[in-house]
Amino acid sequence: MVLGVSMSSARTEILGLPMDLLTMRESVQACENLMNSGRCAQHVVVNAAKIVAAHDDPGLANMIADCDVINIDGMSVVWAGRLLGHRVPERVAGIDLMDHLLALCARKGFSVFFLGATDVVLSEFLEIVRTRYPELVIAGSHSGYFDDDERIASSVRDSGASLLLLGISSPRKEIFASTQKDSLGPLLVMGVGGSFDVWAGRTRRAPLWMQTMGLEWLYRVVQEPRRMWRRYLVGNARFIGMLARELFAPKRTHGDC
């Protein structure tokens, strides 16, 4: 149980993965508690694409299940959870939670290590961070292109950071966090995917109405059709199929073996 948030009561299983039914406010509180816990903890967000990927990769599914906070990021997963009878309060998007946590760290003196993107994008992103949160203590930073995971983990530990933000794509960020967890020191590890690129203005986030309608995936396909069409069109079709099987599966009774 995370202090202040009853994770045992908030956690449920949706389409084969554990997820925490938390609001944004509760998620921020849970993350703050973990930063104060004196141990290495891990946060992850789950969307439709990650559910499909975890279905294909039991190793990734286990890495997600081991995380201390598992937020639902993606309106399709919010709707799926509700259709399956779970009381999902709201979507907690990773990029929005990142913003809330940076504000929290700036107020309370937690230092942050930024790991991800290219050197150029990372530099542009950090300029935006310094402008938005001039009081924030930046413990260190490194691009997301590296081969020596142990060396990077040692640098993060030596920096004394309370929060590590991984601007790296899946499943690379989950693998790094999972395999290096014992070497990173007492902090919270949070994967934020392409959030550094969004803040730096290299990619654009979907308009709010598309986010609300669950159409962020379509916006990304339009921006990067060659790279994204298969991931989202094929992946979304598989996600819908998984949901349909769950919805229409015969219900077991107490007399079933």
Going from the fewest other Cβ atoms within 10 Å to the most, one would list 234, 198, 192, 77 as 234, 198, 192, 77
When 173, 108, 181 are arranged by how many other beta-carbons sit within 10 Å of their Cβ, fewest first, they go 108, 181, 173
Ordering 52-58, 213-219, 38-44 by per-residue average of other C-beta atoms within 10 angstrom, highest first, gives 38-44, 213-219, 52-58
Pseudo-spin-label distance residue 231 to residue 12, built 7 Å along Cα→Cβ, given in nm, is 2.9 nm
Counting only DSSP beta bridges with both partners in the chain, the antiparallel fraction in percent, to the nearest 5, comes to 20 percent
Those chymotrypsin sites (Phe, Trp or Tyr not before Pro) from segment 80-182 that are DSSP loop and have at most 16 other Cβ neighbours within 10 Å turn out to be 145, 146
Projecting the Cα atoms of 156, 170, 208 onto the charge dipole of the chain, where Lys and Arg contribute +1 and Asp and Glu -1 at Cβ, the residue farthest towards the positive end is 208
Residues 162, 183 in order from fewest to most other beta-carbon atoms within 10 Å are 183, 162
Treating only Lys and Arg (+1) and Asp and Glu (-1) as charged, each at its beta carbon, one finds that the chain has a dipole about its Cα centre, in Debye to the nearest 20, of 720 debye
Sequence order, segment 30-41: Karplus ³J(HN,Hα) from phi using 6.51 cos²θ - 1.76 cosθ + 1.60, θ = phi - 60°, Hz rounded, Gly and Pro as x, gives 4, 5, 4, 4, 5, 5, 8, 7, x, 9, 7, 10
So residue 108 and residue 222, fully extended at 0.36 nm per residue minus their Cα-Cα distance, gain in nm 37.1 nm
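Where a number appears in this text, it was derived from the coordinates with a stated rule and is not lab data. In this text, all values refer to a predicted model and were calculated from it rather than measured experimentally. Ideal geometry is used to build each Cβ from the backbone, glycine not excepted, and the neighbour counts take in all protein chains shown.
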